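The structure appears below as structure tokens.
The values are calculated or read from the model by the stated rules, or taken from the named source; none is laboratory data. Predicted model, so just to flag it, every value in this text is computed and none were measured. No Cβ is skipped: glycine too gets one built from the backbone with ideal geometry, and neighbour counts run over all protein chains shown.
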Amino acid sequence: MGQAATADVVNRNIVRGVEPAGQIWVISALTADVKVDGRIHVDGRGLLLGGGNQIGFNANASVFATLICEAAAPFTEHSTNGAGVALAPNGDFRIDDVLVPAPPASCDSPVLLIRNSEPNPVWFAAGIPKQD
């Protein structure tokens with residue numbers, strides 16, 4: 001029997017205070033439209049596990065979106081309903097909701113995180129919204 005693999009240093013890939021998923025995920029396309037009043041429309045395609053024994057499956061996950069505008073702490077999370085929307089078997093999803101609290105009029109360093117629903121919402125897909 002061989003020894004189990006170990007790592008001397010682990011980078012947890014924490015993004016603006018939000019923990020990452022424990023497994024690799026892939027997404028084929030993500031578009032989002034965020035309005036100043038907090039309305040948000042997100043279309044995601046192909047959000048599926050990219051590793052492990054369930055590779056290529058959606059893990060029966062539901063997802064929600066979080067916008068963070070600050071580049072440095074403290075961070076304010078502007079999120080859609082944490083109950084989320086279910087991923088289709090092929091990983092597609094659509095979010096039509098309102099961010100709470102509404103984002104500021106100026107979002108200087110935006111990052112949009114796609115997160116799984118409760119009990120431990122971590123991020124597994126991300127994008128930088130286009131600002132108009």
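Note on the stretch 47-83: residues that are within 21 Å of VAL36 (Cα to Cα) and in contact (Cβ under 8 Å) with a residue 12 or more places away in the chain amount to 16.
Filtered by the rule that a residue be surrounded by 15 or more Cβ atoms within 10 Å (Cβ to Cβ) and aliphatic (A, V, I, L, M), the stretch 44-87 gives LEU47, LEU48, LEU49, ALA59, ALA61, VAL63, ALA65, LEU67, ILE68, VAL85, LEU87.
Taken as a whole, the structure places ASN13 among residues that are surrounded by fewer than 14 Cβ atoms within 10 Å (Cβ to Cβ) and touching a Pro at 6+ places or on another chain (Cβ under 6 Å). Per the listing ASN81, ASN90, the residue uniquely part of a loop (DSSP other than H, G, I, E, B) and under 16 Å from VAL26 (Cβ atoms) is ASN90. Report yes if some residue within the stretch 78-101 is at pLDDT below 90 and not aromatic (Phe, Trp, Tyr); otherwise report no. No, the stretch 78-101 has no match at all. Taking the stretch 114-132 as the range and being surrounded by 12 or more Cβ atoms within 10 Å (Cβ to Cβ) and either of a type in the set (Asp, Glu) or assigned to a loop (DSSP other than H, G, I, E, B) (or both) as the test, the residues that pass are SER117, PRO121, VAL122, PRO129. Within the stretch 88-113, residues that are surrounded by 12 or more Cβ atoms within 10 Å (Cβ to Cβ) reach partners that are small (Gly, Ala, Ser) and in a loop (DSSP other than H, G, I, E, B) with beta carbons closer than 6 Å, at six or more positions or on different chains, in the pairs GLY91/GLY46; VAL98/GLY38; LEU99/GLY38; ALA102/GLY38.
Summed over the stretch 55-78, the residues that are within 19 Å of VAL26 (Cβ to Cβ) and among the polar types (S, T, N, Q) give a count of 3. The residue that is farthest from PRO121 (Cα to Cα), counting only those in the stretch 32-78 that are small (Gly, Ala, Ser) and assigned to a strand (DSSP E or B), is ALA32.
Being on the phi < 0 side of the Ramachandran plot and without any contact (Cβ under 8 Å) to a residue 24 or more places away in the chain is a property that holds for ALA4.
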